[in-house]
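> Got a structure here, written out as structure tokens. Questions coming.
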Amino acid sequence: MAERGRAGVVGLGAMGSGIAEVFARGGWSVVGLEEQPAALDRARQRLATSTARAVERGKLDDAGAQALTARVTYTTDVADLAGCEVVVEAVPEVAALKQAVFARLDAVVGPDALLATNTSSLSVTALAAGTSDPSRVVGVHFFNPAPVQPLVEVIATVLTAPATLQRARDVLEGLGKTTIACTDRAGFVVNALLVPYLNHAASWYERGFATREEIDAAMVGAGLPMGPLALLDLVGHDVTTAVLHRLHEQTGDRRHLPTPLLTSLVEAGLLGRKSGRGFYTYDADGPTDAPGPVPAPAASRAGELPEALLVPYLNDVATMVGDRYATAADVDTGMALGCRMPRPFDQLAALGPAATLARQQQVFAETAEPGHRPARLLEQLAAADDPDLALHALRTADGRVPAGRLG
Ligand SMILES: NC(=O)c1ccc[n+]([C@@H]2O[C@H](COP(=O)([O-])OP(=O)(O)OC[C@H]3O[C@@H](n4cnc5c(N)ncnc54)[C@H](O)[C@@H]3O)[C@@H](O)[C@H]2O)c1
């Protein structure tokens, strides 16, 4: 395969080694940078294990695996990244560390190089602002494991040149990834929608509205691949509460504060699967029948599921799209590929905008929570002469919300 380009990857840990593999599979020469030689050995091993797995699964033949491995070089000297057209930073999630990496990269790469960060939660804008040319900086949020997960969220800051965003998307799509674009807000698209929904599910359980089994079964019944409490246990309550705090810091929305039960679980060391206990207790075969941390509900509201959790989530989707933060098509793609959820606009179409709005109005009246205020876009869709047509126009618009065509 002819060389497609030259990419640098800084930090070859869980994410960086996968990102290096993605570029090498796509025919790029890759220069992987670590600080310590010992870390380079670990990275080499990771790449070998991952390509061997790809060969086993029939995704790659032996010759392909060898060629891929040969396309990656390893270094501890940042000057070796000088000739790279694209550099992706994947060092640990510490702002000062990433700033230092960006400052060093800024000094060695050429003026046309694209600089990208794989941060999950730090401000891409702040990182960009510390460089000599912030117009060439974007966020590229890969999912784990990068060689397998198809989605990459591409984050443009207020300083990113439109051509940089397009170039980042073209490069990633050329590597076989599906990209969605958004601006620099906490949680980007996928986590900003998924994590508050999970928090809401935890609070339903905490308030004794339904058992953990009822909540999880109702959401699986609504087409989700996993129940929210089982998913929270899988992700780890420490990770989820950190994302929620970051969201809350930026939005001030009380719904983004971790529900007290999640905080208690973290304090108790019950982080979910990785510590053997969370909402469920796990043994080697999976969840056991051991009781959860909350007693059975006194007055069950399980009959209101799944809409009770689905509708506020769809309202958040409508708010996000109505705010022009991401397009309807990108939100659909993000939730489908990022967490295997049904496409939210399919769910909205199935429930119907008017019924969704009516339910959300009830939630807002009941809670008086400003974050539950029905989205303007939901109101517009519900009021449209033909809500199906309005939804269709929204989903197929290549730009943003076609406000003039809604009711
Ligand atoms: N793990 C995930 O599921 C996931 C998913 C999406 C995004 N992210 C983000 O990706 C980034 C990396 O996460 P990770 O899980 O791969 O971390 P990790 O700890 O597995 O890997 C980080 C690597 O960076 C190296 N490193 C540290 N300082 C360095 C420096 N100054 N120069 C070069 N290399 C250095 C470390 O030796 C290590 O190999 C973080 O910003 C994280 O938020 C992680």
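The values are calculated or read from the model by the stated rules, or taken from the named source; none is laboratory data. Computed from a predicted structure; not experimentally measured. Don't worry about glycine lacking a Cβ; one is built from the backbone with ideal geometry, like all the others, and counts go over all protein chains shown.
> When you scan segment 176-272 for helices (runs of 4 or more DSSP H) that lie fully inside it, which ones turn up with 3 or more residues that are among the acidic types (Asp, Glu) and within 20 Å of HIS372 (Cβ to Cβ)?
Qualifying helices (runs of 4 or more DSSP H): none found.
> Helices (runs of 4 or more DSSP H) wholly in segment 288-382 with at least 3 residues that are touching a strand residue (DSSP E or B) at 6+ places or on another chain (Cβ under 8 Å) - which ones?
328-339
> Additional query: Evaluate the following for ALA43: is it in contact (Cβ under 8 Å) with a residue 12 or more places away in the chain, out of contact with any helix residue (DSSP H, G or I) (no Cβ under 8 Å at 6 or more places or on another chain), within 16 Å of the ligand (Cβ to nearest atom) and part of a helix (DSSP H, G or I)?
Here the answer is no, as ALA43 does not meet what is asked.
> Would you mind finding the one in GLY27, GLY18 that is more than 9 Å from the ligand (Cβ to nearest atom) and among the small types (Gly, Ala, Ser)?
Every option except GLY27 fails the conditions.
> Here's a check for you: in segment 1-15, which residue that is within 17 Å of VAL109 (Cβ to Cβ) and within 11 Å of the ligand (Cβ to nearest atom) is surrounded by the most Cβ atoms within 10 Å (Cβ to Cβ)?
Only one residue tops the list, namely VAL9.
> When segment 89-105 is examined, which residues are found to be in contact (Cβ under 8 Å) with a residue 60 or more places away in the chain, of a type outside the set (Gly, Ala, Ser) and near the ligand (Cβ under 6 Å from one of its atoms)?
Selection gives VAL91, PRO92, VAL101.
> Considering (1) touching a helix residue (DSSP H, G or I) at 6+ places or on another chain (Cβ under 8 Å); (2) modelled with pLDDT of 95 or more; (3) buried (at least 23 other Cβ atoms within 10 Å of the Cβ), say which one VAL171 fails and leave the rest.
With (1) touching a helix residue (DSSP H, G or I) at 6+ places or on another chain (Cβ under 8 Å); (2) modelled with pLDDT of 95 or more; (3) buried (at least 23 other Cβ atoms within 10 Å of the Cβ) applied to VAL171, the lone miss is (1).
> Within segment 137-155, count every residue that is touching a strand residue (DSSP E or B) at 6+ places or on another chain (Cβ under 6 Å) and either of a type outside the set (Val, Ile, Thr) or at positive phi (or both).
Looking only at that region, the number is 7.
> Show the residue pairs that are 6+ apart or on different chains and have beta-carbon atoms under 6 Å apart, the first residue being within segment 356-368 and within 21 Å of PHE345 (Cα to Cα), the second being assigned to a helix (DSSP H, G or I) and among the acidic types (Asp, Glu).
ARG359/GLU307
> Looking for something surrounded by 15 or more Cβ atoms within 10 Å (Cβ to Cβ) and over 27 Å from the mean Cα position of the chain (by Cα) - is there at least one such residue anywhere in segment 30-41?
yes
> In segment 50-63, is there at least one residue being within 16 Å of the ligand (Cβ to nearest atom) and either of a type outside the set (Asp, Glu) or under 25 Å from GLU173 (Cα atoms) (or both)?
yes
> Check HIS237 against each of (1) in contact with a helix residue (DSSP H, G or I) (Cβ under 8 Å, 6 or more places away or on another chain); (2) at pLDDT below 95 and name the one condition it does not meet.
Answer for HIS237: the failing condition is (2).
> While we're here: Please count how many residues of segment 198-244 are more than 20 Å from GLY269 (Cα to Cα) and free of Cβ contacts under 8 Å to residues at least 40 places away in the same chain.
7
> Shifting gears a bit: Residue check: is ALA302 closer than 18 Å to HIS200 by Cα and of a type in the set (A, V, I, L, M, F, W, C)?
So ALA302 passes the test.
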